[in-house]
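Heads up, the thing below is written out as structure tokens.
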Amino acid sequence: MEAKNHLSVVSASKCPTTARRNARERRRVQAVNEAFCKLSRLVPQVRVKDRSKRVSKLKTLAAAMEYIAILSDILSAHHKTWVSKQMT
């Protein structure tokens with residue numbers, strides 16, 4: 001019977017800490033999910049035909065990396081054109 005009382009005391013004393021930790025983790029996961037939602041709205045390749053389906057986080061990241069690479073290529077080409085015009 002003493003062991004049972006001991007477990008009750010231990011679990012009761014850890015409860016507030018665990019609750020805070022769980023709440024912090026829920027907020028963190030929610031923040032990450034909101035960030036992915038914003039990212040998927042900004043990256044054109046992520047838009048889906050069927051709005052009832054969600055795009056995976058991995059596909060969102062892959063599309064964002066591809067989009068950044070495309071934008072980088074465009075900027076690089078524009079920069080090369082601008083530099084060549086400045087030299088003539």
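Computed from the coordinates by the stated procedures, all read-outs in this text should not be read as laboratory data. This structure is a prediction, so every number in the text was calculated from the model and none was measured. Here the Cβ positions follow ideal geometry from the backbone for every residue, glycine too, while neighbour counts run over all protein chains shown.
Observations
- Between Cys15 and Ala35, the FRET efficiency from the beta-carbon distance, with R0 = 41 Å, is close to 0.85.
- Label-point separation in nm, Ala69 to Arg28, each point 7 Å along Cα→Cβ: 3.1 nm
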